[in-house]
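Enquirer: Structure provided below as structure tokens; questions to follow.
What follows is calculated from the coordinates using simple rules that are stated; it is not laboratory data. None of these values were measured; they are calculated from a predicted model. Heads up, the Cβs are rebuilt from the backbone with ideal geometry, glycines too, and the neighbour counts pull from every protein chain shown.
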Amino acid sequence: MSTIDEIKARIDIVDLASEAGVKLRRSGRTQTGFCPFHSNTRTPAFVIWPETGTWRCFGECNDGGDIFKFVMKKEGIDFKEALQRLAERAGVQLEEFHTEKPEQKEANQRLRNLLEDAVTFYRHQLLNTPAGKTALDYLLEKRHLTLQTIENFGLGYAPHSWDATLNHFTSKGFSAQDLLDVGLVTERQSDSQSTNSQFTDSRTYDKFRHRVMIPIRDENGKMTGFGGRILDPNDIPKFMNSPQTVLFDKGRLLYGLDRARKPIRAADQAVIVEGYLDVIAVHQAGYENVVSPMGTALTEDQMRLLKKFTRKIVLALDPDTAGQKAVLRGLDAARASMDREEELRFDARGLLRHEARLQADLRVATMPDELDPDEIVARDPQEWARLIEAAKPIVTHVLETLVSDRDVNDAKVKSEIAAQILPLIEDLPNPVERDSYRQMLARRLKVDERSLSGTKAPVSPVRRQRPKAEAAREQKLIQAAPPASRFKIVEISCLALLLRRPELLPHLDRRLQESGLAALSALDFEYTDHQLILRLIQQSLEQDEAEQAHYVESHLDESLRETFTSLRAQPAPKGVDDKLLDELTRQVLQVRQQSLSESVNQLRFMIEDAQQTGEVRATNYQQLMLQYGRMLNHLDDARRKLIEYRRK
Ligand SMILES: [Zn+2]
């Protein structure tokens, strides 16, 4: 589901209109009220179709659209801003798309090449130099990696030097700035810090020194940066990542995803571990659906990235503080604030919230005996499979961790544990899940379930109350994606075709006009993002500075990127131009016909209504209906002509 669809699924047009002061009355499949956009008090002209999330004013405005259009019109804002506001309201995080402009693309490619060269440089240091021997021994003997694995993951060694990397690359023609841009060197902070270093005249020095170097690639295998692990136990920090650069954005990367994406899809499951070397060891053991976040934080962006490949995600947590204890510590921290946090940091409430929001299936696997994943697979590779298989839903995991080593016969312990777990359970969007967790909690604490639902768990004052109706509606929305509006499918294929073949548009318009119909207009489309993209295509035909497709892409607002990408992903239309034009005409006629018939049906209702109350307005509606009826006839004629034309 696209972000825009997700927002539409979570926001009810009825709520938006009601909040805008429209008093709505249900009539059949629609709800009607006074239009909030023009002054009217006599007859309701404003209609909402809750099923499709669309609206229309049959009065003065003669306008309509989706929730975005509603907010744009109401607040006088553009699509981008409407998208941001509604995303926030829906609790949907908008992806920021990092589009590369052509000149940026070239610059980034140059930086990526530099990083690829660095992979080769560090690998040479690891495999062919006496200094690299320590690192190689560490990987082979302490980490039990094979040479093949070291090769597969491109591991290397950064020399024990302040300027080996710097000198190597400057001698190859790269500037210190290039090296800074990819994070291979660091700028000296101040003169006082340099007194200990062996040189005083240089401004920059190697960032990674005497470390095992782990190349970090994006999901497409493109180089972004490095992780460096210490070899000398006295060095700090134990792990060091590239700094944030144009290419390296740690909140949006998952280590190992380039190699894991296919296995994740094949297994329909992704396992998240907490370290790069764990990823490598578990891959070597034959489990290749494993990735790691950068550091201990797991961001919603990273989960979104994974969700492209599977919705089943297992967190394999180290038994140390970064792992399960943090889950528990997170309980209190998360309760203290209901702020929307970007980073999950393995806290149970955050994870549950994102699980629901992303419609993911999140489970937790605990490593036994204080062992890390790489130690588990070294001990017994089969054990890994069993542990992942036994992963538990987050609430179950938290409950079991809390209950272990506690005396649940002690009344005080019972209420303490209940107080920690209940808020988590109450926050679940699914009522069935809530019930079954309450039962489970009652069983584990050996108490009557009714006493649990009766106990008021200590609730933080900022905690949002969730009325039953709201919860039920949310649940319904979460389970069922919105019904693809009948408009949408035709709009999509129509636009997808025009995006590939914009030059067909003038021919289409001529054909429509020859049949006495209006040229294609953005208002033919129900969806605001579709309208905006069509306008761009139209503009691309009115200019001659750039090739049309290029013009559209370079003028595309970021907020439309996702729609654009999914349109471009539609299968390429086949056939000669005449056939394509026929198809396009047919689709446009269909879009119009659907929308007009819908309006005519609605007007019929409204006329009946108005007549019953003796409203004068009824005549206006009758005129409108006649007009629409004539347009429908026109459309029919055009369609027939088109079919005859095809037969010839
Ligand atoms: Zn109106």
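Enquirer: Given N residues in the stretch 1-140, what is its alpha carbon radius of gyration divided by 2.2 N^0.38 Å?
Expert: Relative to the 2.2 N^0.38 Å estimate, the stretch 1-140 comes out at 1.91.
Enquirer: Gain in length, D117 to A569, computed as 0.36 nm per residue apart minus the alpha-carbon separation, to one decimal in nm?
Expert: This chain segment gains 159.4 nm when fully extended.
Enquirer: In this model, which of K74/K105; K488/K579; K250/K307; K74/K312 are farther than 28 Å apart at the alpha-carbon?
Expert: Too far apart for the 28 Å limit: K74/K105; K74/K312.
Enquirer: In addition: I want to check the label-to-label distance for K80 and D448. Put each point 7 Å from Cα in the C-beta direction and report it in nm to one decimal.
Expert: Each label point is offset 7 Å from its Cα along the Cβ direction, giving 6.1 nm.
Enquirer: Starting with the fewest neighbours, write out F58, F121 ranked by other beta-carbon atoms found within 10 Å of each beta-carbon.
Expert: Going from sparsest to densest Cβ surroundings: F121, F58.
Enquirer: Counting other C-beta atoms within 10 Å, which of S171, S292 has the fewest, and how do the rest follow?
Expert: Details: S171 8, S292 28.
Least to most surrounded, the residues fall as S171, S292.
Enquirer: Distance in nm between label sites at D578 and S597, each 7 Å beyond Cα in the beta-carbon direction?
Expert: 2.9
Enquirer: Which log10 I(q)/I(0) values does the stretch 519-648 give at q = 0.11, 0.13, 0.14, 0.19 Å⁻¹ under the Debye formula, counting every alpha carbon as one identical point scatterer?
Expert: -0.59, -0.76, -0.84, -1.13
Enquirer: What FRET efficiency would be calculated for the residue pair V432, T129, taking the C-beta separation as r and a Förster radius of 56 Å, to the nearest 0.05?
Expert: 0.35
Enquirer: Using the beta-carbon distance between H160 and S404 and R0 = 35 Å, what value does 1/(1 + (r/R0)^6) give for FRET efficiency, to the nearest 0.05?
Expert: Approximately 0.20, to the nearest 0.05.
Enquirer: Would you mind calculating the gained length between D361 and S175 on full extension (0.36 nm times residue separation, minus the Cα-Cα distance), in nm to one decimal?
Expert: On the way: separation 186, 0.36 × 186 = 66.96 nm, distance 4.69 nm.
Gain in length upon complete extension: 62.3 nm.
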